[in-house]
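Note sheet for the following structure.
The values are calculated or read from the model by the stated rules, or taken from the named source; none is laboratory data. Remember, predicted model here, so these are calculated numbers, not experimental data. Cβ placement follows ideal geometry from the backbone for every residue including glycine, while neighbour counts extend to all protein chains displayed.
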Amino acid sequence: MKKLREAGAIITGQTNMDEMGMGSFGLQGYNGVPTRNPIDPDYCAGGSSAGSASVTKSYQAMAALGTDTGGSVNYPAHCCGLVSLKPSFGRVSRFG
């Protein structure tokens, strides 16, 4: 977050996520409200980063950060029809 702010990024808000980043569907949010899929609210928006995927797909943000405990960025992106970038030791640096 610090590097984003230093680069001039504007942080506009926070999204709902499964508590402690440990969830499979986005239904166990910290505030008790499940994160709905913006394509079809009858479906889940994916893993612990469901809020990030949902807010991006509904055009409330151009991009969003998420947590990843084992696919928790990729799964919500897929459920919401988005593409995700997961930090690694390769092309997407873990160090910013």
> Tell me, which residue of the stretch 37-48 that is at pLDDT 85 or above and in contact with a Ser or Thr (Cβ under 8 Å, 6 or more places away or on another chain) is nearest to M1 (Cα to Cα)?
Replying inline: A45
> Take the residues of the stretch 3-27 that are closer than 20 Å to G70 by Cα and surrounded by fewer than 17 Cβ atoms within 10 Å (Cβ to Cβ): which is nearest to the chain's Cα centre (by Cα)?
Replying inline: G21
>> Just to be sure I understand, how many residues within the stretch 58-83 are modelled with pLDDT of 80 or more, surrounded by fewer than 20 Cβ atoms within 10 Å (Cβ to Cβ) and under 17 Å from S48 (Cα atoms)?
In response: 6
